[in-house]
Structure formats: C-alpha cells, structure tokens
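**Student:** Let me give you the structure first, and then I'll get to my questions.
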Amino acid sequence: MKRWVWLLLVWLHLPVLAESFDPETHLKRVAVGVQAGLVRVMGEDGITVLYTRGLDDPSNALYSEESRQATFAALEIDQRSVEKVGLYLVKLYPKLTRHAEAAAVLGAILSSPSLSKWGRSQLEYFLVTVMNSDKQIEARRQALLALAVAPSLSDFTMDRVVGKFERIDNLWELFPIQQFFEYQAASLRPRKIYPKLRERLARVDSIYTPAILEALDRAR
C-alpha cells in the first residue's frame, strides 16, 4: 500500500481528539535512552521528575502494566484514549521536531493491551516506516526499540526488521537490534517464517549476529 493511501486511511478513521496530551508541549518533557526507550517524564519546569523507569538499561525497556500506567499518567494520557492519542501522534508526526521522543511514546502505546486490532496494526506499520525512512537516526533507532518491546508483531514487521539488519551497517543505528530479537525470540520461533528468517540473519556479517542467533536458539 502506498504511504499516502495509508495515511489517508488513518485520517479517515481518526476519532476527534478530546485529550489533554499535547505533543508539541508534552514531548519536550520526555527523555529517551538508547537501551530503555522512554526513561523519564519531566514536569513543566523541566526539573521535576514526574516519573522515571530507571536507568537507561535493557532491563528497563519492557513495560509492565504498572510502568505503562505511570508513564501515561505522567504524560496526561487518559487510559481510555490511548489508541486515540497514538493515532493523533501519527497524524501530527510530520510536523513534529522531536521524532525520537514521539517514537518512544508510540512504543509505550503499542505495548498497551487496550489497543484494537486495527489500531495496533496502524501504529506498528507506522513505526516500521519510521524505522526505515525517518531522516533522524535517533528516531529510526527509537522506532526499532519501540517495536522490540511490543507484545506481538506481524510477520511483515519481523521480515522488515531482518531486512534492515541485512542492509544497514551503521552499528549506532542498529544498537537496539539485539534487544529486538532477545525480546521477540519466543514469539518468532514457532512461526513458519522462522527458519528462513534465521538463515538470513545468520548470513549477516555483524558483531550483533552471534548474540542474536544465541537468543533465538535458546528461546522456548
């Protein structure tokens, strides 16, 4: 599907936003890390820490229900409007300057079990697009990390992540790739596409390849 057609579909299905979350101001209060994604939400003064998920460490990347709710509360996102806010962020994304922070917030939203099947597919597809084509390397990296912490992903997304690993040799951009396969290994192993994807991964000449294969092989 062409990207403009997909964005039009998102626009047509986008509900009217009745939400206190304002991307222009709230994203300025978000701090992101290269291993944990969204790590901190600051107050309006830029000094007060409203919520922190801890150090920028892989052990803090995955969302628990408690950490997700606390993140949404600090960002003034009503639990009943999580999907609406996510689609609103997608709509405004081209106009935003803080793409990395927006991708990190979308990662928190994508981790929510309250999303509809349609909403989840739209946010997932958008993050794949950001991961592959955003002009900001920080945003591409955060989009990959946002997908890594998702509770479930489509075969399409799995294939696109492997494809990125095959064609990109920038280690800084690929920094979250090992985390992605560590978190998604158990989901990927039972799929019909797994043997072919593993073969492709094994052929990639990268310092990340051995750890990725190890994570896949020990997953159950």
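**Student:** Go ahead and run the numbers for FRET between Ala73 and Trp172, Cβ-Cβ distance against an R0 of 35 Å, rounding to 0.05. Could the numbers behind the result be given before it?
**Tutor:** Working: r = 32 Å, r/R0 = 0.93.
With a Förster radius of 35 Å, E is 0.60.
**Student:** Counting only protein heavy atoms and a 1.4 Å probe, tell me what percentage of segment 161-220's accessible area is made up of carbon and sulfur. List each step's numbers first, then the result.
**Tutor:** Values: 1730 of 3280 Å².
Summing carbon and sulfur atoms, their accessible area is 53 percent of the total for segment 161-220.
**Student:** What number comes out for accessible area per residue over the chain if the probe is 1.4 Å? Units Å², please.
**Tutor:** 49
**Student:** Still on this structure: Can you list the residues of segment 48-70 with backbone N under 14 Å from a point 7 Å past the Cα of Ser114, pointing along Cα to Cβ?
**Tutor:** 65-70
**Student:** Further question on the same structure: Note down the nm distance, to one decimal, between modelled labels 7 Å out along Cα→Cβ at Arg200 and at Ile47.
**Tutor:** Using points 7 Å along Cα→Cβ, the separation is 5.1 nm.
**Student:** With 22 Å as the limit, write out which pairs from Lys28/Lys164; Lys84/Lys117; Lys117/Lys196; Lys135/Lys192 have Cα-Cα distances beyond it, or answer none. Each step should come with its number before you reach the end.
**Tutor:** Values: Lys28/Lys164 29 Å; Lys84/Lys117 13 Å; Lys117/Lys196 27 Å; Lys135/Lys192 33 Å.
Too far apart for the 22 Å limit: Lys28/Lys164; Lys117/Lys196; Lys135/Lys192.
The values are calculated or read from the model by the stated rules, or taken from the named source; none is laboratory data. The structure presented is a predicted model; accordingly, all values stated were derived computationally and were not measured. Note that we place each Cβ from the backbone using ideal geometry, even for glycine, and neighbour counts take in every protein chain shown. To get the accessible areas, we keep the full protein, side chains included, count just its heavy atoms, and leave off ligands, DNA and RNA. Shrake-Rupley method; radii C 1.70, N 1.55, O 1.52, S 1.80 Å.
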